[in-house]
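Take a look at the structure set out below.
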Amino acid sequence: YKNIFESLNSKIFGKTKKYILLTRTKGIRNIFSLEDYRFKGLESKLSKSGQVSFFVHTDHNKLNFSLSPRIYGKDILKIAEFCIYGFRLINNEDEYIWQRDLKIIEKSANILSRLIPKNTVIFFWDFNFQHCPILLA
């Protein structure tokens, strides 16, 4: 289904390139855009040649009217955690915390790699653990 959707999207809108901009809610200055102030103007430049999506890696508690496609990093991490541990029925007390976090990051990267096309260009400002899943994907 993903391939059919991408094919129709590129034929209808004529935009074959895909871009993802990493953003955080504290960096969003306009309620009609998800663009981080560090990437000011980049969304409009990239949208002329392709489809721009956003990867929001912090809480999504701010009101925003942007119609741009977005992926919330915390949602992906929660889905990955649920896929691995379910309703906490699995006893994982013998694991170290970093081992549990590594499993969750690996699973979230696996989920994102199925959602994001391989030819997608990703723009990010800095590297921290919240960006790991999308960069590994």
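Checked against (1) of a type outside the set (Lys, Arg); (2) more than 18 Å from the chain's Cα centre (by Cα); (3) more than 25 Å from Thr16 (Cα to Cα), Ser49 meets all criteria but (3).
Scanning the stretch 38-62 for residues that are in a helix (DSSP H, G or I) and at pLDDT 85 or above yields a total of 6. Hey, does the stretch 85-93 have a residue that's over 30 Å from Phe39 (Cα atoms) and either among the acidic types (Asp, Glu) or surrounded by 14 or more Cβ atoms within 10 Å (Cβ to Cβ) (or both)? Within the stretch 85-93 (the criterion being over 30 Å from Phe39 (Cα atoms) and either among the acidic types (Asp, Glu) or surrounded by 14 or more Cβ atoms within 10 Å (Cβ to Cβ) (or both)), the answer is yes, since at least one residue qualifies.
Checked against the criterion of being loosely packed, with under 13 Cβ neighbours inside 10 Å, modelled with pLDDT under 85 and small (Gly, Ala, Ser), the candidates Gly27, Gly14 yield just one match: Gly14. Condition first: at negative phi, touching a strand residue (DSSP E or B) at 6+ places or on another chain (Cβ under 7 Å) and of a type in the set (A, V, I, L, M, F, W, C). Can you find one or more residues in the stretch 88-105 that meet it? The answer is no; no qualifying residue exists. Kindly check whether there is at least one residue in the stretch 101-115 that is touching a residue at least 40 places away in the same chain (Cβ under 8 Å), surrounded by fewer than 17 Cβ atoms within 10 Å (Cβ to Cβ), of a type outside the set (Gly, Ala, Ser) and touching a Ser or Thr at 6+ places or on another chain (Cβ under 9 Å). No, the stretch 101-115 has no match at all. Restricted to the stretch 120-134, and to residues there that are out of contact with any helix residue (DSSP H, G or I) (no Cβ under 8 Å at 6 or more places or on another chain) and without any contact (Cβ under 8 Å) to a residue 40 or more places away in the chain, the residue that is nearest to Leu42 (Cα to Cα) is Asp126. Being without any contact (Cβ under 8 Å) to a residue 12 or more places away in the chain and of a type in the set (S, T, N, Q) is a description that applies to Ser44.
The residue that is nearest to Thr16 (Cα to Cα), among those in the stretch 113-137 that are among the aromatic types (Phe, Trp, Tyr) and more than 12 Å from the chain's Cα centre (by Cα), is Trp125.
The values are calculated or read from the model by the stated rules, or taken from the named source; none is laboratory data. It should be emphasised that the depicted structure is a prediction, and the values quoted were computed from it without experimental measurement. Cβ: placed from backbone, ideal geometry, glycine included. Neighbour counts: every protein chain shown.
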